[in-house]
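**Student:** Take a look at the following structure, please.
The values are calculated or read from the model by the stated rules, or taken from the named source; none is laboratory data. What you are looking at is a predicted structure, and each value in this text was computed from that prediction instead of being measured. Using ideal geometry, Cβ is built from the backbone for each residue, glycine included, and neighbour counts are taken over all protein chains shown.
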Amino acid sequence: MEIQLWREILTPYDLAVKELIVKFEHLIYEHRSRGLYSPIEQVTGRVKTVASILEKAQKKNIPINEIEDRLIDIAGVRIICQFVEDIERVVEIIRRRTDMEVIHERDYINHMKDSGYRSYHMIVNYWVQTLEGDRQIKVEIQIRTLAMNFWSTIEHSLQYKYKKNIPDHIREKLTNAANAIIQLDNEMSAVRSEIMDAQNSSQIFSKLISDILNNIQNLYRIANKREVLKIQDEFYRIYELGDIDQLKRFSRELDNIAEGYRAQSIGRDV
Ligand code: 0O2
């Protein structure tokens with residue numbers, strides 16, 4: 001097949017990957033902007049290279065004209081979580097979505113591969129709009145923890161280096177590392193709630209400060225400058241105390257003041 005044709009074939013896959021990255025990143029944003037813990041930490045994606053598609057098709061004896069139907073990971077999205085528990089939450093989120101249809105799942109978390117590879121795989125049908133109309137694209141979504149991702153990235157590079165024949169002494173080290181990753185993920189799960197609390201409070205704190213600063217900035221435009229300077233001094237005083245409850249109270253008062261000015265300016269405009 002001509003290279004140019006491959007480019008055309010892969011265009012909708014590229015669109016599917018780009019759209020899904022935007023959607024999953026938006027989920028992170030939605031969680032964090034509401035002060036909620038996001039089970040998704042990072043999202044990446046890729047379309048398989050033509051060389052890699054041809055290599056896999058050859059390995060699996062798939063004729064070129066059946067590649068699109070039978071190779072299910074031409075489009076791939078990877079979702080990275082902090083904790084093993086987050087993986088199940090992400091799987092549930094994907095199962096409930098109406099813009100994609102889960103057609104297959106593989107649980108390499110509870111059923112680790114012989115290589116030591118762990119990850120949860122979901123194959124979904126996803127629809128994109130192209131110049132030729134609607135296209136249904138199969139996408140492989142891999143969900144794993146940061147630690148699992150670290151292992152699999154290293155192992156993948158070694159597979160590439162040794163052309164899939166990793167020497168036994170390195171394989172043994174990888175197996176040990178895979179076991180260490182299981183232990184690391186378990187240890188992190190044990191302190192999950194502590195870590196989540198710490199992360200949530202720091203997110204709530206930074207959102208509160210940014211709301212207050214936005215409000216003060218807007219007041220500079222509409223309120224008496226002396227009054228805004230007084231508010232600003234009060235903010236610095238409370239900020240230095242580092243008391244979140246006082247900051248929350250101050251933020252509410254500031255909202256009322258800002259609302260009062262807004263009402264006044266609407267009254268003037270009418
Ligand atoms: P790449 O370069 O990441 O695209 P099967 O259906 O069982 O015949 P298939 O289609 O390889 O085999 O499915 P599987 O086993 O679920 O693997 C799909 C993808 O998972 C692989 O794609 C890898 O990305 C990842 N993966 C699976 N096993 C391993 C492993 O042992 N180590 C690492 N590092 N990754 C793995 P590709 O096309 O093999 O690779």
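**Student:** Quick one: how many residues across region 134-147 are within 10 Å of the ligand (Cβ to nearest atom) and more than 12 Å from the chain's Cα centre (by Cα)?
**Tutor:** Within region 134-147, residues that are within 10 Å of the ligand (Cβ to nearest atom) and more than 12 Å from the chain's Cα centre (by Cα) number 1.
**Student:** Restricting attention to region 67-87, and to residues there that are within 14 Å of the ligand (Cβ to nearest atom), free of Cβ contacts under 8 Å to residues at least 60 places away in the same chain and not basic (Lys, Arg), which single residue is surrounded by the fewest Cβ atoms within 10 Å (Cβ to Cβ)?
**Tutor:** Asp69
**Student:** Go through region 209-264 and report how many residues are more than 23 Å from Ser33 (Cα to Cα) and not in a helix (DSSP H, G or I).
**Tutor:** Residues that pass the stated criteria total 2.
**Student:** Would you tally the residues in region 99-130 being outside any strand (DSSP E or B) and either within 20 Å of the chain's Cα centre (by Cα) or near the ligand (Cβ under 10 Å from one of its atoms) (or both)? Give the steps one after another, and end with the answer.
**Tutor:** Just the residues of region 99-130 that are outside any strand (DSSP E or B), to begin with: 99, 108-119.
Narrowing further to those that are either within 20 Å of the chain's Cα centre (by Cα) or near the ligand (Cβ under 10 Å from one of its atoms) (or both): 99, 108-109, 112-119.
Here the count works out to 11.
**Student:** So, of the residues in region 1-36 that are crowded, with 18+ Cβ neighbours inside 10 Å and aromatic (Phe, Trp, Tyr), which turns out to be nearest to the chain's Cα centre (by Cα)?
**Tutor:** Phe24
**Student:** Tell me, yes or no, whether region 199-206 has at least one residue that is assigned to a helix (DSSP H, G or I) and over 25 Å from Ser33 (Cα atoms). Don't jump to the end; show me each part of the working.
**Tutor:** Looking only at region 199-206, we keep the residues that are assigned to a helix (DSSP H, G or I), and these are 199-206.
Now narrow it down to the ones that are over 25 Å from Ser33 (Cα atoms): none.
Scanning region 199-206 turns up no residue that is assigned to a helix (DSSP H, G or I) and over 25 Å from Ser33 (Cα atoms).
**Student:** Just give me the residues in region 131-140 being surrounded by fewer than 17 Cβ atoms within 10 Å (Cβ to Cβ) and either in contact (Cβ under 8 Å) with a residue 60 or more places away in the chain or part of a strand (DSSP E or B) (or both), in sequence order. It would help to see each step written out before you state the result.
**Tutor:** If we filter region 131-140 for residues that are surrounded by fewer than 17 Cβ atoms within 10 Å (Cβ to Cβ), which is where we start, we get 131-136.
Across region 131-140, the qualifying residues are Gly133, Asp134, Arg135, Gln136.
**Student:** Answer yes or no: is there a residue in region 90-98 that is at pLDDT below 95 and among the hydroxyl-bearing types (Ser, Thr, Tyr).
**Tutor:** Restricting attention to region 90-98, the residues satisfying the condition of being at pLDDT below 95 are none.
No, the conditions are met nowhere in region 90-98.
**Student:** Okay, moving on. Are any of the residues in region 157-170 at pLDDT 95 or above and in contact with a helix residue (DSSP H, G or I) (Cβ under 6 Å, 6 or more places away or on another chain)?
**Tutor:** no
**Student:** Now, a different point. Cβ contacts < 9 Å: first residue under 14 Å from Trp151 (Cβ atoms) and in contact (Cβ under 8 Å) with a residue 12 or more places away in the chain, restricted to region 112-127; second residue among the aliphatic types (A, V, I, L, M) and part of a loop (DSSP other than H, G, I, E, B), any location; separation 6+ or different chain. Result?
**Tutor:** Note: pairs meeting the criteria are Ser115/Ile166; Arg118/Ile109; Arg118/Met112; Ser119/Ile109.
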